[in-house]
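What follows is calculated from the coordinates using simple rules that are stated; it is not laboratory data. Note that the coordinates shown come from a computational prediction; the quantities given were computed from them, not determined experimentally. Positions of Cβ are backbone-derived with ideal geometry, glycine not excepted, and every protein chain shown enters the neighbour counts.
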Amino acid sequence: MTITNKISEHYQSAINGELQKYHCKEWASDIYFRTTYPFRDEAKIVELASKGMVVEALVETVLVKARDADGKRLFVDADRAKLMNEADPTVIIQIATAINNAKIQSAPEAIAKE
C-alpha cells in the first residue's frame, strides 16, 4: 500500500467515524460533529481567525461543522446572519469550543492504543 493510499484510508476512517454529541440545553437540541473535516470546511475558518475575526470564525465553525444525528449539516449558509446577530454568543462559543476540542479530547485514547 502506498503512502497516498494510507493517507486516504486514514482520512476516510476519520471522516466517516462516529459522530460526537454536544447537548445544547439553551436550544433544547443535540448537536453532532466529527473529529475531522475537509480542508474546504476548515479554510474559511482559518482565514477568518488569521485576520483576527474570531467571532466570525466561531460562527463559521458552528455553521459548517454542526450536524444532525444522521451527519447532515444543521445550518445552511443563509443562517450565518441569524447566528451572528440573533444567537446568544455564549452558546455559540460553547458549541464551537466543543467542536474544536473534539480532536484534542479524542487524542489521548488514540495515543493510549499505540
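Descriptive notes on the structure:
- Inter-part distance where the stretch 11-43 and the stretch 53-80 are each reduced to a Cα centre, Å: 10
- Extension reserve of the residue 7-residue 84 stretch, reckoned as 0.36 nm per residue once the Cα distance is removed: 24.1 nm
- Of the residues 61, 97, 35, the one with the fewest other Cβ atoms within 10 Å heads the list, and the complete ranking is 97, 35, 61.
- Net charge, residue 91 excluded, C-beta distance under 10 Å - Lys, Arg +1, Asp, Glu -1: -1
- The angle separating the long axis of helix 54-65 from the principal Cα axis of greatest extent in the chain is about 60 degrees.
- The stretch 1-101 shape via C-alpha gyration tensor axes, a/c threshold 1.5: oblate
- Distance violations [Cα-Cα > 21 Å] among 44/65; 44/72; 21/65; 21/44; 6/72: 21/44; 6/72
- The stretch between residue 77 and residue 100 holds 6.3 nm of extra length on full extension. This uses 0.36 nm per residue minus the Cα-Cα distance.
- For the chain, the longest principal axis of the alpha carbon atoms and the long axis of helix 3-15 meet at an angle near 40°.
- Efficiency of FRET between residue 49 and residue 28 - r from beta-carbon atoms, R0 35 angstrom, step 0.05: 0.75
- From phi via Karplus (6.51, -1.76, 1.60), per-residue ³J(HN,Hα) for the stretch 23-37 in Hz, x at Gly/Pro: 8, 9, 5, 5, 9, 6, 9, 8, 10, 9, 7, 9, 8, 8, 9
- Against the chain, whose longest principal axis comes from its Cα atoms, helix 102-113 is set at around 20 degrees.
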